[in-house]
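Asks: Mind looking over this structure? Questions follow.
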Amino acid sequence: MKQFVVFASVCCVLLAGRVVLSAPAPQQGGAPAGQNPNDVQTVRYYSENNGLDGYKFTYELSDGQIRSEVGTYRDVKDAEGKDVKALFVQGSYSFVGPDGQTYWVNYTADENGYHPKVGTGPTGGIQAGQDAPVASA
Ligand SMILES: *[C@@H]1O[C@H](CO)[C@@H](O)[C@H](O)[C@H]1NC(C)=O
């Protein structure tokens, strides 16, 4: 019995070591090369949610991520032609990929769906210090 316990313990240690050794390498999570992804700071944060009228928020992180979004309600007709309110969302986000490239998405979302505009490169998308445009009806 004593030998079995020792054997079982050795097996557990070996198995545990194997699991640890075969675990995938930590992901860089999109942090730019050379930057520790666990050391990302909030550079700018703003959030306003007035409930029934809509909301807006912006945040920027020290790893280059930026996100800004505005949501407002618009008067639209439903399928039966009745007047209803529909949420209209306009936003932008961008981040620096592990390849050092900036990826950006500008989008709107409304009663007809999600409409993204996608691009790469330092220009074209939202810039540091910028907020998503105020939604217009
Ligand atoms: C994307 O959105 C940002 C700000 O939200 C704007 O400045 C930029 O012009 C937009 N880009 C395109 C291609 O529409």
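Asks: Failed condition for Leu87, given (1) within 16 Å of the ligand (Cβ to nearest atom); (2) at pLDDT below 95; (3) hydrophobic (A, V, I, L, M, F, W, C), with all others met?
Replies: The failed condition is (1).
For every residue, the table says whether it meets (1) farther than 25 Å from Tyr45 by Cα; (2) at pLDDT below 95; (3) more than 16 Å from the ligand (Cβ to nearest atom); (4) of a type in the set (Asp, Glu).
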{"residue": "Glu60", "(1), (2), (3), (4)": "no, no, no, yes"}
{"residue": "Arg67", "(1), (2), (3), (4)": "no, no, no, no"}
{"residue": "Asp78", "(1), (2), (3), (4)": "yes, yes, yes, yes"}
{"residue": "Asn112", "(1), (2), (3), (4)": "yes, yes, yes, no"}
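The values are calculated or read from the model by the stated rules, or taken from the named source; none is laboratory data. Note that the structure is a prediction, hence the values are computed from the model and not measured. Glycine also receives a Cβ, built like all others from the backbone with ideal geometry; neighbour counts cover every protein chain displayed.
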